[in-house]
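Below you'll find the structure, written out as C-alpha cells, and then a few comments.
The values are calculated or read from the model by the stated rules, or taken from the named source; none is laboratory data. The structure presented is a predicted model; accordingly, all values stated were derived computationally and were not measured. Neighbour counts run over all protein chains shown; Cβ positions are idealised from the backbone, glycine included. Please note that ligands, DNA and RNA were not included when accessible areas were found on the heavy atoms of the full protein model with its side chains. Shrake-Rupley method; radii C 1.70, N 1.55, O 1.52, S 1.80 Å.
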Amino acid sequence: MFEETTSYIYKQWKIMSRRPGELAWIFVYPFIGLLSIGIYAFFLITQGAPLDSILYVLVGVISWNFYDVSQRAITFGITLDIWSNCLRHSFAGNSRIRHFILGNSVFGLISSVLTFFLVAAAGLLVFGFNLFSAWLWLIPNLLIVFIFATGIGLMIDSLLISQSEKYMSLIWTMTGVIMIFSGVYYPASVLPAPMQAVSQILPTTHAINSMGILFRSRTIA
Amino acid sequence: MNAIEVSNLKKCFRSDKKCIWALKGIDLKIKKGEIFGLLGPNGAGKTTLIYILSTLLLPTSGTARVLGLDIEKGGDEIRKRTGLCFGGSFFYWDMTAREILEYYGRLYGVKNPERKKRIEYLIKNLGISKFSNKYFSDLSTGMRQKVAVAKSLINEPEVLFLDEPTAGLDVEVSIDVRNFIIDMIKERDMTVILTSHSLYEVEEMCRRVAIINRGNIVEEGDISDIKRKLRIPDVIHLYLDRYENIGFLRSIPGVKGVAVTDGVFISVDSGLKRLNSITKALKSRKFRIKDLEIKKASLEDVFLSVIGQRGPRHMLGEIWRENV
Ligand SMILES: Nc1ncnc2c1ncn2[C@@H]1O[C@H](COP(=O)(O)OP(=O)(O)OP(=O)(O)O)[C@@H](O)[C@H]1O
Ligand SMILES: [Mg+2]
C-alpha cells in the first residue's frame with residue numbers, strides 16, 4: 001500500500017523538480033494571476049471601486065490556484081505517462097486505482113498548500129492582508145476546492161483512458177469554465193440567471209463565497 | 001502444470017463500425033518454466049495476444065488463464081505476478097535509469113530493503129552501472145532497452161512477456177540482454193513468452209514456438225518437430241575431388257535433390273541420419289571428400305514456408321535436380 005501510493009508522489013516530484021515549466025505551476029503562475037488581477041483591482045479602486053475589491057482578488061487567486069494545482073496533479077498522473085509514451089507500463093504494475101488517486105492527490109494537496117503559503121505570504125507583504133489569521137475557516141473551504149478539483153481531474157482521467165487522448169485539452173478548458181461559474185473574482189450573484197443555476201451546484205462557488213464573506217466582514221470590522 | 005492456457009481467443013478492433021480481427025481463435029498451452037516463442041509477420045497479432053494475456057486489453061471472446069487465473073477476473077493478481085517488456089520502450093525523459101527502476105519497484109509494491117537489492121542486482125548484471133544516473137532522454141536505444149528489461153524483472157515475475165525485446169539493438173547488446181534473460185530463467189522458475197523478428201534469437205532461446213499469421217496459429221510445437229513435419233530439408237554441402245557422374249546420389253534413401261554449383265549440395269530429410277550412407281556411397285565409387293558441412297534447416301526456412309511467402313532456400317531441390 002505505502003510503496004504503491006508513494007510511487008506516484010516520487011514520480012511527480014522527480015519530474016516536476018526538473019522541469020521549469022512544471023515548477024511554474026507553483027512558483028510562477030499564481031503570481032502572474034495575483035499581479036495581473038491585483039493591479040487591475042487597484043486600477044478599479046482608483047476609479048472609485050470599493051476597497052474590498054482587492055479581497056476578491058486575493059481570495060480568488062488563493063482558491064483558484066488551489067483548484068488548478070490539485071487538478072493538475074491528478075490529471076498529470078496520466079498525462080506525464082502519455083507524454084513519455086509509457087502509459088502501458090503504468091497499468092501493468094501492482095498498483096490499483098486507489099493508490100493512483102491517493103498518491104497523486106496527496107501530491108496535489110502538498111503542492112496546493114505550498115502555493116497557498118506563497119500567495120498568502122505575498123498577500124501579506126504586498127497588500128498587508130493576513131490570510132493566515134483565519135486558517136481555521138480556510139481549511140474546510142480549501143478542502144472542498146481540493147476535493148472538487150480532484151473529482152473533475154479524475155473525470156478527465158477516465159475520459160483520457162477510456163476514450164482518447166484528445167480529451168487532454170479538458171485539463172485547461174475545464175479549469176477556465178469552472179472558474180467562470182464559480183465566481184472566483186466576483187460574487188456569483190452577478191452572473192446571468194441561467195449561469196447562476198449552474199454556479200449554484202458547484203461546490204467551489206460556495207466554498208469561495210464563504211471565504212470571501214469572512215474576509216470582507218473582517219476588514220470591515 | 002500450464003502457466004498459460006488460451007482457448008478460442010478472439011479480438012476485434014473496431015474502426016468505423018467495422019471489425020478488424022487481430023486474433024481469430026487462438027488456442028495455446030504454455031508450460032511452466034518454458035521459453036515459448038511467438039513468431040509471425042508484421043500485423044499478425046502477436047502484440048495483441050501479449051496485451052490480452054497481460055490484461056492490458058480485453059478479448060472480444062474466448063478465455064485465457066495466466067498462472068491459473070482468468071484474465072478477466074484475475075487482472076490485479078496477474079499484473080502483480082507478471083512482467084512486461086517491449087522493444088523500443090520509452091520511460092520518463094527526465095528521470096534517471098535508477099530512478100525509473102525505483103519508481104516501478106514501488107509501483108509493484110516491492111518493499112525496501114528488497115527493492116534496493118533488486119535494483120542494484122539488475123543494474124550490475126545488465127550492465128547499466130555506467131549510465132544508471134543519466135537521464136533517460138540521454139540514453140542510447142540499447143541503454144534504454146536494458147532499462148526496459150530491468151523494469152520488467154523488478155517484481156521477479158513468474159511469467160515474463162517479452163515483445164521484441166531486442167528490436168533495434170546491435171548484436172552485442174542483444175547478446176547481453178539475451179544471456180541475462182536466459183540466466184534469470186535458469187535461476188528462477190520463470191515462464192517466458194518471446195516474440196521476435198530475429199528468428200535466430202527465437203531458435204536460440206526457445207524450444208517450442210507458435211507461428212501466427214493473420215490472427216491464426218498456423219503452426220505450433222517443437223521447432224525440430226515442425227521442421228520434420230514440414231519436411232524442410234537439411235542440406236549436406238560437400239567439396240569433392242571431381243563432380244562427374246554423381247547422379248547416383250539421388251537414389252540414396254532420404255535424398256531429395258542434388259545440385260552442383262560451388263561444390264555439391266545434397267538436400268536430405270535429415271542431415272545427421274543420411275550423412276553416413278552418402279559418404280559411404282561416395283567412397284565406394286572412389287570419390288575423395290575434401291570438405292563437408294551440414295546445413296540444418298533454419299527457423300527462417302520454417303517461417304517463410306509456413307506463412308507461404310516464398311519457398312525456403314533449402315527447398316531448391318527441384319531446380320538442383322535439373323542441374324545435375
Ligand atoms: N489499437 C488498435 N486499433 C485498431 N487495430 C489494431 C490496434 N492494435 C492492433 N491492431 C491491428 O491488429 C492487427 C494485429 O496487430 P499486432 O500489433 O498484434 O501485430 P504484431 O504481430 O504485433 O505485429 P508486429 O510484428 O508489427 O509488431 C493489425 O492488423 C493491427 O493493425
Ligand atoms: Mg508487435
statement: For the stretch B:30-173, whose charge dipole is built from +1 on Lys and Arg Cβ atoms and -1 on Asp and Glu Cβ atoms, the candidate among B:G105, B:A64, B:F36 with its Cα farthest towards the positive end is B:G105
message: Which residue, A:W25, A:Y186, A:G123, has the largest displacement toward the positive end of the dipole of the stretch A:2-220 when charges sit on each Cβ (Lys, Arg +1; Asp, Glu -1)?
response: A:W25
query: Comparing B:T141, B:T191, B:T279, which has the greatest mean-square fluctuation in the GNM of chain B with Cα pairs linked when under 10 Å apart?
result: B:T279
query: Across bins of 5 angstrom width beginning at 0, how are the C-alpha pair distances of chain A distributed, in whole percent?
result: 1, 7, 14, 18, 19, 15, 11, 7, 5, 2, 1, 0, 0
- request: First compute the accessible area of chain B with a 1.4 Å probe, then give the percent of it belonging to carbon and sulfur atoms.
  value: 48 percent
query: On full extension of the chain, what length is gained from B:C19 through B:L58, given 0.36 nm per residue of separation minus the C-alpha to C-alpha distance?
result: 12.5 nm
task: Express as a percent, rounded to the nearest 5, the fraction of DSSP beta bridges in the protein assembly as shown (both residues included) that run antiparallel.
output: 70 percent
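To the nearest 20 debye, what charge dipole does the stretch B:83-233 have about its Cα centre, counting +1 at the Cβ of each Lys and Arg and -1 at the Cβ of each Asp and Glu?
Details: 23 positive and 23 negative charges, 48 e Å.
Using only the charged Cβ atoms, the result is roughly 220 debye.
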Whichever lysines have a C-alpha closer than 16 Å to that of B:K130, once near sequence neighbours (fewer than 8 apart) are set aside: B:K146
- line: For A:I62, the accessible surface traced by a 1.4 Å probe with all protein chains present amounts, in square angstrom to the nearest 10, to 10 Å²
message: Taking the Cα centre as origin and putting +1 on Lys and Arg beta-carbons and -1 on Asp and Glu beta-carbons, what dipole magnitude results for the stretch A:2-220, to the nearest 20 debye?
response: 160 debye
message: Just to be sure I understand the interface: list residues from the stretch A:86-126 that lose 50 Å² or more of accessible area between the chain on its own and the complete protein assembly, 1.4 Å probe.
response: A:R88, A:H89, A:A92, A:N94, A:R96
message: Taking each residue in B:88-94, count the Cβ atoms of any other chain within 10 Å of its Cβ, then average. What number comes out?
response: 6
- request: Go ahead and set up a Gaussian network model of chain A, Cα springs under 10 Å, then flag whichever of A:A120, A:A207, A:A49 fluctuates most.
  value: A:A49
task: Please list the non-local residues whose amide H lies under 5 Å from the amide H of B:I4, H modeled 1.01 Å from N, same-chain partners needing a gap of 5 or more.
output: B:I30, B:L67
query: Along the stretch B:44-53, what does the Karplus equation 6.51 cos²θ - 1.76 cosθ + 1.60 (θ = phi - 60°) give for ³J(HN,Hα), rounded to whole Hz, x for Gly and Pro?
result: 6, x, 5, 5, 4, 4, 5, 4, 5, 5
- prompt: Percent antiparallel among DSSP beta bridges with both residues in chain B, to the nearest 5?
  reply: 70 percent
task: Provide the packing ranking of A:130-141, B:205-216, i.e. peptides ordered by the mean count of other C-beta atoms within 10 Å per residue, highest first.
output: B:205-216, A:130-141
field: Computed log₁₀ I(q)/I(0) - Debye formula, equal Cα scatterers, no solvent, the stretch A:140-217, q 0.19, 0.21 Å⁻¹
entry: -0.83, -0.94
message: On a full-extension model of 0.36 nm per residue, what is the gain between B:A281 and B:D170, subtracting their alpha-carbon distance, rounded to one decimal in nm?
response: 35.5 nm
message: Quick check on the protein assembly as shown: helices-only [θ] at 222 nm, where DSSP H runs of length 4 and up contribute -39,500 (n - 2.57) each and the sum goes over total residues. Nearest 500, please.
response: -16500 deg cm²/dmol
task: Report, to the nearest whole %, how much of the accessible area of the stretch A:2-220 belongs to carbon and sulfur atoms, 1.4 Å probe, protein only.
output: 74 percent
message: Between the stretch B:112-154 and the stretch A:112-130, how far is it from one alpha carbon centroid to the other, in angstrom?
response: 43 Å
field: Average beta-carbon neighbours from other chains, 10 Å sphere, peptide B:54-65
entry: 1
query: How large is ³J(HN,Hα), in whole Hz, for each residue of the stretch A:22-28 in order, when computed from phi with the Karplus curve 6.51 cos²θ - 1.76 cosθ + 1.60 and θ = phi - 60°, using x for Gly and Pro?
result: 7, 4, 4, 4, 9, 9, 10
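Could you tell me which of the pairs B:K11/B:K32; B:K10/B:K80; B:K227/B:K296 are separated by over 21 angstrom between their Cα atoms in the structure shown?
On the way: B:K11/B:K32 25 Å; B:K10/B:K80 24 Å; B:K227/B:K296 10 Å.
Pairs exceeding the cut-off: B:K11/B:K32; B:K10/B:K80.
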query: What are the residues whose amide H is under 5 Å from the amide H of B:I217, where those residues sit 5 or more places off or on another chain and H is modelled from the backbone?
result: B:D27
Chain B: most fluctuating residue of B:R285, B:R274, B:R106 per GNM, C-alpha cutoff 10 Å: B:R285
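Quick check: net charge around A:W13, other residues with Cβ under 13 Å of its Cβ, Lys/Arg +1 and Asp/Glu -1? Could you put the intermediate results ahead of the total?
Values: positive: A:K11, A:K14, A:R18, A:R19, B:R106; negative: A:E22, B:D94, B:E99, B:E102.
Net of charged neighbours comes to +1.
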- prompt: Mind listing the phi-derived Karplus ³J(HN,Hα) values for the stretch B:217-227, rounded to whole Hz, using 6.51, -1.76 and 1.60 with θ = phi - 60°, and x for any glycine or proline?
  reply: 7, 9, 7, 8, x, 5, 4, 5, 5, 4, 4
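Averaged per residue, what accessible surface does the stretch A:2-220 expose to a 1.4 Å probe, in Å²? Before the final figure, lay out each step's value.
Working: 9760 Å² over 219 residues.
Value returned for the stretch A:2-220: 45 Å² of accessible area per residue.
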field: Partners for B:K17 among lysines (Cα-Cα distance below 27 Å; same-chain residues under 8 apart left out)
entry: A:K166, B:K46
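Report the charge-dipole magnitude of the protein assembly as shown in Debye, nearest 20, computed about the Cα centre from +1 at each Lys and Arg Cβ and -1 at each Asp and Glu Cβ. Could the numbers behind the result be given before it?
Values: 65 positive and 50 negative charges, 290 e Å.
Value, rounded to 20: 1400 debye.
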